[in-house]
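Heads up, the thing below is written out as structure tokens.
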Amino acid sequence: MELINDWFKTIGHAVRQAITGHPTENTLIEIALSKDNVVLDGQGRSKLEDAQEHMRHCKRCTTVFSEINATLIDINQSGHSTAHAIPDSTHRRFRQRSKILRRIDAFLAPPATVLRFPSIAPPPCIRFPPLTACLVIICAAGPFLSIAVRQSVTSSSNQTTAVSATQDDLESVNARTTPTTIDLDGLNTDEQLMAEIEYAVSNTRVSPLTALDELTPRLHEATVTVR
Amino acid sequence: MIGTKSAPALEPFRNTDSKIASEIKGLLSSGNHEKARNRFEEIINTHQSRVTRIAYYYLRDPAEVDEAVQDAFLKAFVHLPTFRDELHFDLWLSRIAVNGCLDRLKAKTRRRRWILTDNDRIDELIYQERTHEPSAEQRLLASERRDQLLAAVERLPKRQRSIVILNQFEGYSTKEVANTLNIAEATVRVHLFRAIRSLRRLLRPLESDTAL
């Protein structure tokens with residue numbers, strides 16, 4: 001916005017200069033600024049010379065020019081007095097300089113080492129002799145091994161009994177369907193009886209109760225006979 | 001067009017400074033930091049007052065000026081390896097200082113937009129009290145005039161303000177200002193004219209007051 005205003009003003013001044021014949025404010029400022037060290041090119045020099053020539057006869061332009069000069073003098077003087085007003089003692093300068101050098105030293109110093117954040121150390125690992133370690137492992141694995149071995153043994157014995165049980169079952173079924181007289185001599189031996197009981201109990205496929213039912217009367221008979 | 005005058009006080013230092021800067025650049029690249037730091041101290045001694053002055057024109061707060069000066073020198077040292085030898089070191093340093101001050105002003109404006117504490121006003125008053133010298137009436141008037149002018153300069157747009165500070169206060173030529181601010185010389189002149197016109201307008205009521 002300000003830039004646009006400036007442009008309009010500049011154009012306005014140029015138009016006014018063209019109409020009235022007065023040099024623009026910029027030209028007067030230029031003359032005022034360049035009066036000490038005049039380094040002019042051809043066109044600029046002729047323009048300023050024309051303006052200076054105009055000023056000799058124009059009171060208004062002379063007044064404006066003197067105002068511009070006064071402002072410039074004012075600016076210069078204020079600049080100088082400001083420079084003197086700055087609190088700039090030797091002590092202050094020395095302090096400032098040492099601060100700058102300290103900051104430069106800090107910049108030049110090698111980069112600081114980064115300390116590791118203290119972490120909780122893991123407990124030291126207790127080392128057993130190999131023999132003890134083996135013993136411990138065996139003890140630990142013992143129950144599992146025994147379970148596994150028992151499982152495998154049980155399953156294999158089941159398979160064998162299952163195979164034999166099919167034949168025995170058939171025999172028992174035949175015995176049930178065709179009731180025959182029990183050979184008491186065969187039951188006389190305790191071993192045979194116990195073997196039959198054991199078989200009946202251990203066999204999962206043939207219900208132990210059925211086997212016992214089959215055996216019970218014969219057992220009763222056997223005990224009676226024995227008595 | 002406008003004279004290519006240069007700040008006379010700077011001329012003797014220019015070549016020496018650029019030479020020292022190139023030397024420091026070499027020392028830094030070769031890893032000789034200690035020597036580079038010591039050489040840079042010479043540069044600080046030479047330019048400390050000037051950089052402080054530039055910072056003061058912008059900031060007008062001693063504590064902030066101090067920080068801005070420190071930052072400018074540190075930044076110059078850090079970025080010295082990128083310094084181009086064809087530039088004048090003092091212009092390069094001025095550019096760093098000016099940019100730093102403008103950044104600070106921007107941050108300050110942003111802060112003040114949200115928070116305007118009484119402390120700011122008190123600090124300003126204390127500082128004005130300290131910088132005023134009420135012993136002689138004329139000096140008091142001069143300092144008042146100076147404050148008015150600085151306030152008027154403060155109201156100028158950013159670029160115009162920088163140009164007035166460097167050209168009028170610090171005595172840089174328009175070419176040097178152009179180099180410092182990294183803009184064309186013609187642009188500097190246009191902005192300078194506008195700035196002077198604006199200052200005239202801003203100071204006119206005061207002039208009429210003082211005339212009465």
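The values are calculated or read from the model by the stated rules, or taken from the named source; none is laboratory data. Predicted model, so just to flag it, every value in this text is computed and none were measured. Using ideal geometry, Cβ is built from the backbone for each residue, glycine included, and neighbour counts are taken over all protein chains shown.
General remarks:
- Single match in A:Ala112, A:Ala121 (criterion: more than 13 Å from chain B (Cβ to nearest Cβ) and under 22 Å from B:Gly31 (Cβ atoms)): A:Ala112
- Search result, residues across region A:51-108 that are hydroxyl-bearing (Ser, Thr, Tyr) and either exposed (fewer than 12 other Cβ atoms within 10 Å of the Cβ) or within 54 Å of the chain's Cα centre (by Cα) (or both): A:Thr63, A:Ser89, A:Thr90, A:Ser98
- Residues of region B:68-90 that turn out to be at pLDDT below 90, in a helix (DSSP H, G or I) and under 24 Å from A:His80 (Cβ atoms), as a count: 1
Let's see how each residue does on (1) facing another protein chain (nearest Cβ under 9 Å); (2) more than 20 Å from A:Asp74 (Cα to Cα); (3) touching a Leu at 6+ places or on another chain (Cβ under 9 Å); (4) buried (at least 17 other Cβ atoms within 10 Å of the Cβ):
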{"site": "B:Leu141", "(1), (2), (3), (4)": "no, no, no, no"}
{"site": "B:Leu149", "(1), (2), (3), (4)": "yes, no, yes, yes"}
{"site": "B:Val153", "(1), (2), (3), (4)": "yes, no, yes, yes"}
{"site": "B:Tyr172", "(1), (2), (3), (4)": "no, no, yes, yes"}
{"site": "B:Lys175", "(1), (2), (3), (4)": "no, yes, no, no"}
{"site": "B:Thr180", "(1), (2), (3), (4)": "no, yes, yes, yes"}
{"site": "B:Ile183", "(1), (2), (3), (4)": "no, yes, no, no"}
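- Within region B:185-203, tally of residues that are among the charged types (D, E, K, R) and more than 9 Å from chain A (Cβ to nearest Cβ): 2
- Selection from region A:63-79 of residues that are more than 16 Å from A:Glu30 (Cβ to Cβ), more than 8 Å from chain B (Cβ to nearest Cβ) and of a type in the set (Ser, Thr, Tyr): A:Thr63
- The single residue among B:Arg53, B:Arg95 that is within 14 Å of chain A (Cβ to nearest Cβ), in contact (Cβ under 8 Å) with a residue 60 or more places away in the chain and closer than 22 Å to B:Lys158 by Cα turns out to be B:Arg53.
- Residue satisfying condition, being modelled with pLDDT of 85 or more and assigned to a helix (DSSP H, G or I), within set B:Ser198, B:Ser143: B:Ser198
- Taking region B:15-38 as the range and being under 18 Å from B:His88 (Cβ atoms) and among the hydroxyl-bearing types (Ser, Thr, Tyr) as the test, the residues that pass are B:Thr16, B:Ser18, B:Ser22.
- Residue in region B:57-67 that is within 9 Å of chain A (Cβ to nearest Cβ), at pLDDT 90 or above and closer than 18 Å to B:Val153 by Cβ present: yes
- Members of region B:170-195 that are in contact (Cβ under 8 Å) with a residue 24 or more places away in the chain, of a type outside the set (Ser, Thr, Tyr) and not in a loop (DSSP other than H, G, I, E, B): B:Lys175, B:Glu176, B:Asn179, B:Leu181, B:Val188, B:Arg189, B:His191, B:Leu192, B:Arg194, B:Ala195
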